[in-house]
1. The chain: percent of C-alpha pairs farther apart than 24 Å?
2. Hey, what number do you get for the chain at 222 nm if only DSSP H runs of n ≥ 4 count, each worth -39500 (n - 2.57), divided across all residues, to the nearest 500?
3. Whole-Hz ³J(HN,Hα) for each residue in segment 150-162, computed from phi via Karplus 6.51 cos²θ - 1.76 cosθ + 1.60 with θ = phi - 60°, x for glycine and proline: what do you get?
4. So, counting K/R as plus one and D/E as minus one, what does the shell of residues with Cβ under 14 Å around His31 add up to?
5. Looking at segment 35-76, which trypsin sites (Lys or Arg not before Pro) are in a loop (DSSP not H, G, I, E or B) and have at most 14 other Cβ atoms within 10 Å?
6. Around Arg146, under 11 Å between beta carbons, what's the net of Lys plus Arg minus Asp minus Glu among the other residues?
7. Say we join alpha carbon atoms closer than 10 Å with springs in a Gaussian network model of the chain; which of Ser105, Ser130, Ser180 then has the biggest fluctuation?
8. With a cut-off of 8 Å between alpha carbons and a minimum separation of six or more residues, what is the relative contact order of segment 35-123 in percent?
Amino acid sequence: MAIKLMAVTDDAYEAADLIRILMEIHPYVDHVQIREKRKPAGKVYQLCKELLDEGLPAHKLWLNDRMDIALLLGLKQVHIPGHGLPLEELKKLYPDLRIGAPVHSFEEAVQAESVGAAYALYGHCFPTASKKGKSPQPLANLRYIRQNTHIPLYAIGGIEVERLASLKAFELEGVAVMSSIFSAANPLDAVKKLREECLRLEEIH
């Protein structure tokens, strides 16, 4: 089973630089999640519009917590954070919308699956600079979720090339990566190395 790659932006770049990076890396990832918490709505809208105009495929683009922008742009994918809008109500109003949900426990994964979430994002799985001082979520929970639900499951948090092999046994849909891409000196090289390792692991039975 192929391990899919989701690149999650880290709100550290100006729009022009972020567009340049995303246009370089998107051929090597399956999903791009725009997580720009500090940018105002107008800036995020313009960023996404330019990405689409430049040729980033709409089916790859997920908006974090910005239902309004997704609807304006006609996008079909949103990631709703734990403190965000109620998934069940969103699915009732927008049944065709694909919604990703963060989970930290088996119970949350069951809930996400029951309301029709497109995927569950579990983490953080390893120590990461974006969660300084916070202990990772137990990988044993990840295994239990995978064995007892059918929802597509992604791991996030401290995902590095060297750690991908340890996740293969969990039979995940994919991994979501922030720091290893956007804090890298060369994001394109970083993404290519992640993709190469995913492909290598895919060949191992």
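1. On the way: 8100 of 20910 pairs.
Cα-Cα pairs in the chain separated by more than 24 Å: 39 percent.
2. Numbers: 9 runs with 85 residues, N = 205.
Taking each H run of at least 4 residues, the total per residue is -12000 deg cm²/dmol.
3. In residue order, the calculated couplings are 10, 5, x, 10, 10, 9, 9, x, x, 6, 10, 3, 5 Hz.
4. Working: positive: Lys4, Arg35, Lys60, Lys76, Arg98, Arg195; negative: Asp30, Glu173.
Charge balance near His31 sits at +4.
5. Working: sites: Arg35, Lys37, Arg38, Lys43, Lys49, Lys60, Arg66, Lys76; in loops: Arg35, Lys37, Arg38, Arg66, Lys76.
Hits after loop and neighbour filter: Lys37, Arg38.
6. On the way: positive: Arg143; negative: Glu171, Glu173.
Net local charge, Arg146 excluded: -1.
7. Looking only at Ser105, Ser130, Ser180, the largest GNM fluctuation is found for Ser130.
8. Details: 107 pairs, mean separation 17.6, N = 89.
This gives 20 percent for segment 35-123.
The values are calculated or read from the model by the stated rules, or taken from the named source; none is laboratory data. All values reported here derive from a predicted model rather than from experimental measurement. Reconstructed Cβ throughout: ideal geometry from the backbone, glycine too, with neighbour counts over all protein chains shown. Quick note on the areas: whole protein, heavy atoms, side chains included, nothing else; ligands and nucleic acids left out. Shrake-Rupley method; radii C 1.70, N 1.55, O 1.52, S 1.80 Å.
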